[in-house]
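One structure is given below, encoded as structure tokens.
The values are calculated or read from the model by the stated rules, or taken from the named source; none is laboratory data. Bear in mind the structure is a predicted one, so any value in this text is a computation, not a measurement. Quick reminder, even Gly has a Cβ in these numbers, built from the backbone with ideal geometry, and neighbours come from all protein chains shown.
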Amino acid sequence: MPLGLIALAIGAFGIGLTEFVIMGLLPEVAHDFGVAEATAGWLISGYALSVVVGALGLTAATTRLPRKPVLLGLLILFVLGNALTAIAPDYSAAMAGRIVAALCHGAFFGIGSVVAAELVAPAKKARAIAIMFTGLTAANVLGVPFGTFIGQQYGWRATFWVISGIGVLAFAGIAVLVSAPRGSAAHVSLRGELSAFRSGQVWLSLIVTALAFGGMFGAFTYIAYTLTGVSGFDAAAVPWLLVLFGAGLVIGNWVGGRLADGALDRTLLLFIGALLVVLVLFGLLAWSQPATIAILVVMGAFGFGTVPGLQTRIMHYAGGAPTLASGANIGAFNVGNALGAWAGGLGISAGLGYTSPIWIGAVITASALVVMVIAVVTARRPLSTASGSLRTVVV
């Protein structure tokens, strides 16, 4: 695999850390700013919604620009946003910093996915995207637990200073190792990119993405409270339990990427259905520490195992205009993130307890499975081409 994929993975690691680390730090942040648990959760939802704006707005605005300089500019925005969060004197300022950092997120992953896919042969596109997203999974395996540990030991602000430093490292890596194919942006236009949204399958894919991720994040956003308030774990154990969830992400991302290159829609149906079963089991067994430990791994695996396939699917149905559709799909991931955090917060605010976000997540995931079945049934052409597209097969 090209070294450029490693550089993209470093950028994905930093951005993934920014998105997810706050989940392990919510109790500390809420206490520091004197806000309620559900209000602190809006630092997640607000970030996710801003990702949607950046995914569409910045991707559209930079459509005709060379991709490498755009990626570097996005990382500068990322560093500034995290630095603002680290120095925030109050909740509003912290939210502003989160929004600035989030604006680069969707465009980075959207453009980065296209660049990653162009660096390899057609039959390896899903795997190349999975390699880039390995940075995102590594952010959960290593970054989130370590970031949570730093936040608990030295204050949550220290975590965001570390993230800013990772952004600088990612900038250097992409500057040296990533080079988009020659002329990759020469024939790109905003009008051409918008044509991808004429496809019904593109819209169905976006809905599946939002609901599938919404289901997982409905359960995961308030996981620190579930682990301590229901499962009975000590707060100091939370970072290490998140390592298990992150390990599941890595396994699911790798397996999902390989399976998606051979049977795309079948893989998505399998993983979404399995995630639904896991969430139901979690809702029933969250009181059991051994069961919770096992469920964290498989929840991460089936939840994140859909990412390479969902990103590959929308790029395929976008045809020759994948960049904006790819960015829109990253936005859809984060609509799901916001949906899950918001819906889970409603359950907690209503006094339904810390298992309510899990059950809410299961309902959202069931909706994703229904829409995915509709997408498969209504697909009018096989995901298999001789050349120049994604050589994947639906079932």
Unique residue being out of contact with any strand residue (DSSP E or B) (no Cβ under 6 Å at 6 or more places or on another chain), modelled with pLDDT of 90 or more and either in a helix (DSSP H, G or I) or within 22 Å of residue 51 (Cβ to Cβ) (or both) when the list is 281, 324, 339, 310 = 281
Is it true that some residue in segment 121-136 is over 14 Å from the mean Cα position of the chain (by Cα), touching a residue at least 24 places away in the same chain (Cβ under 8 Å) and over 14 Å from residue 5 (Cα atoms)?
-> yes
Selected residue (criterion: modelled with the highest pLDDT) from residues of segment 152-198 that are surrounded by 18 or more Cβ atoms within 10 Å (Cβ to Cβ) and more than 22 Å from residue 108 (Cβ to Cβ) = 157
Only one residue in 232, 262, 252 is crowded, with 24+ Cβ neighbours inside 10 Å and either touching a residue at least 12 places away in the same chain (Cβ under 8 Å) or not in a helix (DSSP H, G or I) (or both). Which one?
-> 252
Please report, ordered by residue number, the helices (runs of 4 or more DSSP H) entirely within segment 1-116 with at least 2 residues that are crowded, with 24+ Cβ neighbours inside 10 Å and under 13 Å from the mean Cα position of the chain (by Cα).
-> 4-33, 37-61
Quick one: how many residues across segment 234-278 are under 24 Å from residue 314 (Cβ atoms), modelled with pLDDT of 85 or more and hydrophobic (A, V, I, L, M, F, W, C)?
-> 11
Note on residue 74: of the conditions (1) farther than 27 Å from residue 129 by Cβ; (2) in contact (Cβ under 8 Å) with a residue 24 or more places away in the chain, unmet is (1)
